[in-house]
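See below for the structure under consideration.
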Amino acid sequence: MNKFSSIKNSLEQFEKEEDTTLPVNYESLEEEVSQYHTELNLLMKVLIYFGGFLASLFFTLFIVFIGVSGENYYVVSILGLVFCGISIFISRNSHELFTESLATSSFLIGQIIFTTGLIMADMSEYGILTALLLLNCVAIIFVKRYMLVFLCTLGIAMNFSAWITVLKIVDLHHLLLFFLGGMVTYIFTKEGAIYRLFKDHTYLINPITEGLIVAFYLELMSLIFYKHESGLHSIWVSTITICGLIIYYLFHSNKSLELGYSPVKRIALVVLIGLPTLFAPYIIGSFYILILGVISNRKSLKGLGIISFISFIMYFYYDLNITLLEKSIALMISGIVFLGIYWFFFYQKSSNGKI
């Protein structure tokens, strides 16, 4: 399913749910979406971005060296802001892939130089985080390119995570994880309404969504570190909140896509998965990413969900902080869970033909 088909299906779904008709010119919308399409494969795009990043890096390192030699560190920060400004200007005035890669590279290098200058000027951690938060908030308002919006979204989310670490209130990571998961859930369940609300800025929706998903995944990974190194308490709280998000999303998907599952089956599935992972929210979180990818039919989400799910289970098994007995019990329950998942998704599909 291409981008135009995805947008059209979301709008039609919203019209069906709200029993209304949207004044949308699909021919103009398809023309607008298709003009940003390129036939380059993923490897070529990666090489272009990576080459632009390296070229910009070597050039700016030379400039930074000149600034540092004069011990005027705020000049270095101003130089970083200049690079960010150039990136925003390019992104608003060009739609070519090469200039897009140049804008992305300039923005990344600009943030690195800006942060380096503030650190060398002995600015406090609070000041640096505030400056970076303001920079990304301002940038996301003006940029129009996919990658830049994605980076700004990810930067803002990770900035809040850094604030929690600096303030040493690690239990707030539960709240941040729930907020990120809630935002992702809201976008996936209210996609039609969001496209209608931001009909003049639809280019923002996909990169913001993917930025929030990646931030959610990174926050899941951070729970592993904070659990063992920083004394994160009540880690089961995140598992319960994620289970709640999964139940809500399954209820919504069952209604809109007519999957045919009863409420008892949906709740039973989530409880079966949540019990053995009560103290490992990163596993249930990765499973939620996989569910989002399967139901929404997004290949990138499926891939991220599968990879993260397998890697987190492997980490759980080889975690030396968990006894062999606890691992054996968890694995036994996991086997029962996977039998339940098979019955839920595949046995029911073959028996009644609904999924």
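The values are calculated or read from the model by the stated rules, or taken from the named source; none is laboratory data. Since the structure is predicted, the reported quantities are computational estimates derived from the model, not experimental observations. Cβ placement follows ideal geometry from the backbone for every residue including glycine, while neighbour counts extend to all protein chains displayed.
Please go through the stretch 303-324 and give me each residue that is at pLDDT 80 or above and either more than 18 Å from Gly181 (Cβ to Cβ) or in a loop (DSSP other than H, G, I, E, B) (or both), ordered by number. Even if it seems obvious, please write down each step before you answer.
Taking the stretch 303-324 and keeping what is at pLDDT 80 or above, we get 303-312.
Once the filter is applied, which keeps residues that are at pLDDT 80 or above and either more than 18 Å from Gly181 (Cβ to Cβ) or in a loop (DSSP other than H, G, I, E, B) (or both), the stretch 303-324 yields Gly303, Ile306, Ile307, Ile310, Ser311.
Let me spell it out: the conditions are (1) of a type in the set (Ser, Thr, Tyr); (2) within 21 Å of the chain's Cα centre (by Cα); (3) assigned by TED's automatic domain parsing to the domain that holds Ser91, and Thr130 meets all of them except one. Which number is the exception?
Checking Thr130 against (1) of a type in the set (Ser, Thr, Tyr); (2) within 21 Å of the chain's Cα centre (by Cα); (3) assigned by TED's automatic domain parsing to the domain that holds Ser91, the one that fails is (2).
Take the stretch 279-305 and flag every residue that is aliphatic (A, V, I, L, M) and buried (at least 16 other Cβ atoms within 10 Å of the Cβ). Break it down into steps so the answer makes sense when it comes.
Filtering the stretch 279-305 for residues aliphatic (A, V, I, L, M) gives 280, 283-284, 289-292, 294-295, 301, 304.
If the condition is that a residue be aliphatic (A, V, I, L, M) and buried (at least 16 other Cβ atoms within 10 Å of the Cβ), then Ala280, Ile283, Ile284, Ile289, Leu290, Ile291, Leu292, Ile295, Leu301, Leu304 are the ones that fit.
Consider Ser238 carefully, then state whether it is more than 25 Å from Gln111 (Cα to Cα) and modelled with pLDDT under 85. Can you show your working first?
Numbers: more than 25 Å from Gln111 (Cα to Cα): yes; modelled with pLDDT under 85: no.
So Ser238 fails the test.
Out of all the residues in the stretch 283-301, is one or more in the same structural domain as Gly244 (by TED's automatic domain parsing) and at pLDDT below 70? Can you show your working first?
First, pick out the residues of the stretch 283-301 that are in the same structural domain as Gly244 (by TED's automatic domain parsing): 283-301.
Filter once more, so that each one left must be at pLDDT below 70: none.
No, because not a single residue in the stretch 283-301 is in the same structural domain as Gly244 (by TED's automatic domain parsing) and at pLDDT below 70.
Kindly list the number of the only condition in (1) touching a Leu at 6+ places or on another chain (Cβ under 9 Å); (2) assigned by TED's automatic domain parsing to the domain that holds Gly244 that fails for Tyr186.
(1)
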